[in-house]
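Okay, structure first, notes after.
The values are calculated or read from the model by the stated rules, or taken from the named source; none is laboratory data. None of the values given here were measured: they were computed from a predicted structure. We place every Cβ from the backbone using ideal geometry, glycine too, and count neighbours over all the protein chains shown.
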Amino acid sequence: MQALRNYFRPWSSEVKLVGKTVLITGANTGIGKETAIDLAKRGMRVIIACRDMEKGDAALKEVIETSGNQNVVCKKLDLADCNSIKEFAQSINSEEKQLNILINNAGVMACPYGKTTDGFEMQIGVNHMGHFLLTFLLHDLLKKSAPARIITVSSMAHRWGTINLDDINSEKSYDKTKAYSQSKLANILFTRCLAKKLKGVTAYALHPGVVQTELWRHLNRPQQAVTWLIKPFTKTSVQGAQTTIFCAVAPELETESGNYYSDCAPASCSNAAMDDEMAQRLWDLSCQMLKITWD
């Protein structure tokens, strides 16, 4: 019963972050938008990064009206297009004096097979490669703003994932659920590497809970039927945002890095998610595929 209460309870903290800047991908909807509202209420400059600017502008107005903070902006970012990521990062690096928190929140789930502009399978491409490249392009600004934090929204679905280095784009065979789980496992392995490689910048991965969001739209009918059965045990977007907010705000995490969280507390992850050798191999492959050098 206590575990169930912890699952649904909001995280409470009076911490203010006035004068700090946060960038949140996919903050035009769901837990990303709720995270933006919370951090705006804490006095942060909030940058909403999203692909659909019409939805982004609507979210921008809602975040400003709900938080009372006018220091919120929306910028276009398509994580399925490396050129878009590079253009976006260039504007952030040239226009922003600091970046204290980067929240890699956007994602796609269980979609039909498709590829990004650069030829990556859509789920590994958006959920991992896109955020990998974005973080790479912004990590100098993050280091300059230290202490800074990088938060990546993963999922308990990582437990069913394996990293297929020989077919990372699922070209030989495609199972949309396995591809999603692979991408979420990649999020945690990425976080482990970040923690080892960056100084003054801490990194966290998290499971938000089973949240009622637009990510469910690609589920097939049997899967949708299951979601209706488990709906009483799913979180709202506000509840689902709490662990992200905790990782962004909690002062006690300043000395922690590379860990995985759920329900606003440290959580155990799969053995595959703690495989540092695989984490490095995935890091090297990601750099190779993105044509970047990041030692």
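Before moving on, here are some points about what is shown:
- Pair list, Cβ < 7 Å and 6+ apart or interchain, from the stretch 67-93 residues that are farther than 22 Å from His128 by Cβ and touching a residue at least 24 places away in the same chain (Cβ under 8 Å) to residues that are of a type in the set (Lys, Arg) and not in a helix (DSSP H, G or I): Asn71/Arg45
Every residue, every condition in (1) touching a residue at least 12 places away in the same chain (Cβ under 8 Å); (2) in a helix (DSSP H, G or I); (3) not polar (S, T, N, Q), yes or no:
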| site | (1), (2), (3) |
| --- | --- |
| Leu141 | yes, yes, yes |
| Ile150 | yes, no, yes |
| Ser170 | yes, no, no |
| Tyr180 | yes, yes, yes |
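- Residue within the stretch 50-57 that is surrounded by fewer than 18 Cβ atoms within 10 Å (Cβ to Cβ) and either touching a helix residue (DSSP H, G or I) at 6+ places or on another chain (Cβ under 6 Å) or at pLDDT below 95 (or both) present: no
- Selection of the stretch 67-86 for residues being more than 15 Å from Asn104 (Cβ to Cβ) and surrounded by 20 or more Cβ atoms within 10 Å (Cβ to Cβ) yields Ser67, Asn69, Val72, Cys74, Cys82.
- Answer residue from the stretch 48-75, given it is in contact with a Ser or Thr (Cβ under 7 Å, 6 or more places away or on another chain) and in a strand (DSSP E or B) and is farthest from Phe136 (Cα to Cα) among those: Lys75
- Qualifying residues in the stretch 76-109 (those that are of a type in the set (A, V, I, L, M) and in a helix (DSSP H, G or I)) - the one farthest from the chain's Cα centre (by Cα): Ile92
- Test: residue in the stretch 121-139 that is part of a helix (DSSP H, G or I), of a type in the set (Asp, Glu) and modelled with pLDDT of 95 or more: no
- Checked against the criterion of being touching an Asp or Glu at 6+ places or on another chain (Cβ under 8 Å), of a type in the set (Ser, Thr, Tyr) and either surrounded by 22 or more Cβ atoms within 10 Å (Cβ to Cβ) or at pLDDT 95 or above (or both), the stretch 152-167 contains not a single residue that satisfies it.
- Any hit, the stretch 126-147, residues being of a type in the set (Ser, Thr, Tyr), surrounded by 19 or more Cβ atoms within 10 Å (Cβ to Cβ) and closer than 20 Å to Ser84 by Cβ: yes
- Unique match (being surrounded by fewer than 17 Cβ atoms within 10 Å (Cβ to Cβ) and at pLDDT below 95) among Asp295, Asp276: Asp295
- Cβ-Cβ under 6 Å pairs, at least 6 apart or on other chains, the stretch 231-242 side modelled with pLDDT of 80 or more, far side among the polar types (S, T, N, Q): Thr234/Gln212; Ala241/Thr35
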